[in-house]
Amino acid sequence: MANLDAAFAALADPTRRAILARLALGEATVMELVEPFEMTQPAISRHLKVLEGAGLIVKRVEGTKRPCRLAPTAVAEIDQWLGMLRRALETNYDRLDGVLAPMKPEK
Amino acid sequence: MSKLTLTTEGDRHVVVIRRFVAPPEAVYRAHTEPELLQKWLLGPDGWTMPVCISEARPGGKIRFEWSDGKGRGFYQTGEYLALEPFSRIVHIGRMHLPDPTPDNHVETTFAPDGTGTLMTLRMTLPDAGARAAMLATGMEHGMEDSYARLDRMS
């Protein structure tokens, strides 16, 4: 979970979310990402570096190319976090059950 | 099986659904009356809500202050936008940790469900980044809660 802060910070940028959406369709190289985003290659590279640092994407070496793809574990960590939010809410609502019990109308 | 479902919808929404074994009037009152809110809207065990302002009318203020009794705390401010006793509440909420989070627009509905109530809570954040940030800020409380439970189990 150490990377979660970095993951959410990385996700706060719309371009980086768009890059992830593109990578969800399949692997892509920097040059393949430059065109649809109408950005310079260094700008895309910077975004990819943030995403990689946050553990959201992984790069692989293929000759001179460095194709990027989504890191499956990053998505799993976010899902794991949602599970924790779920449990925190459950604690409150279980307590609410206790508050509601004596409020039931007399039968 | 869990009584609560929490799902994300699109890139700006979080939807929580929960059933209660009390009629909608009781569940609605427990969501709007300060003396009832202070009994359950607390987060992790050990935390209390010493300040609870809930002016249940359109334009009415919301202010919840939480404390762990050891000097740590945070608070939420907001406004009620619409209220339909005992079926629907629309309000804006923002957490202060201490910097305010982006406005969270929340619609809560209470529908009769047999002898109980089906609650649907739908949060709408300004954008995907804000939702991610909101989920991220809540994390420490959720984690603390889980760890506390773990402590009790060991």
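For the reader, a short list of remarks on this structure follows.
- Residues being part of a helix (DSSP H, G or I) and under 19 Å from the mean Cα position of the chain (by Cα) - total across the stretch A:27-55: 11
- Residues that are at pLDDT 90 or above, open to solvent by 20 Å² or more (accessible area, probe 1.4 Å) and in contact with a strand residue (DSSP E or B) (Cβ under 9 Å, 6 or more places away or on another chain) do occur in the stretch B:6-19.
- Qualifying residue in the stretch B:1-15 (condition: closer than 18 Å to A:A88 by Cα, polar (S, T, N, Q) and part of a loop (DSSP other than H, G, I, E, B)): yes
- Taking the criterion of being more than 9 Å from every other protein chain (Cβ to nearest Cβ), in contact (Cβ under 8 Å) with a residue 60 or more places away in the chain and closer than 14 Å to B:T109 by Cα, the residues of the stretch B:5-40 that qualify are B:V15, B:I17, B:R19, B:P24, B:Y28.
- Failed item in (1) part of a helix (DSSP H, G or I); (2) modelled with pLDDT of 85 or more, with A:V58 passing the rest: (1)
- Filter result for B:D45 (acidic (D, E) and touching a strand residue (DSSP E or B) at 6+ places or on another chain (Cβ under 9 Å)): no
- Long-range neighbours under 6 Å by Cβ, at least six apart or interchain, first residue touching a residue at least 60 places away in the same chain (Cβ under 8 Å) and open to solvent by less than 20 Å² (accessible area, probe 1.4 Å) within the stretch B:41-62, second outside any strand (DSSP E or B) and acidic (D, E): B:P44/B:E144; B:P44/B:D145
- Selection within the stretch B:94-123 - more than 15 Å from A:L96 (Cβ to Cβ), in contact with a Phe, Trp or Tyr (Cβ under 6 Å, 6 or more places away or on another chain) and either touching a residue at least 24 places away in the same chain (Cβ under 8 Å) or buried (at least 16 other Cβ atoms within 10 Å of the Cβ) (or both): B:L97
- When each of A:A88, A:A12, A:A2, A:A76 is tested for being open to solvent by less than 40 Å² (accessible area, probe 1.4 Å), modelled with pLDDT under 80 and within 30 Å of B:G43 (Cβ to Cβ), the lone residue that passes is A:A88.
The values are calculated or read from the model by the stated rules, or taken from the named source; none is laboratory data. Quick caveat, the model's predicted, so the values are computed rather than measured. Virtual Cβ from ideal backbone geometry, glycine too; neighbours counted across all protein chains shown. Ligands, DNA and RNA are stripped out before the accessible areas are found, and what is left, the full protein with its side chains, is counted by its heavy atoms. Shrake-Rupley method; radii C 1.70, N 1.55, O 1.52, S 1.80 Å.
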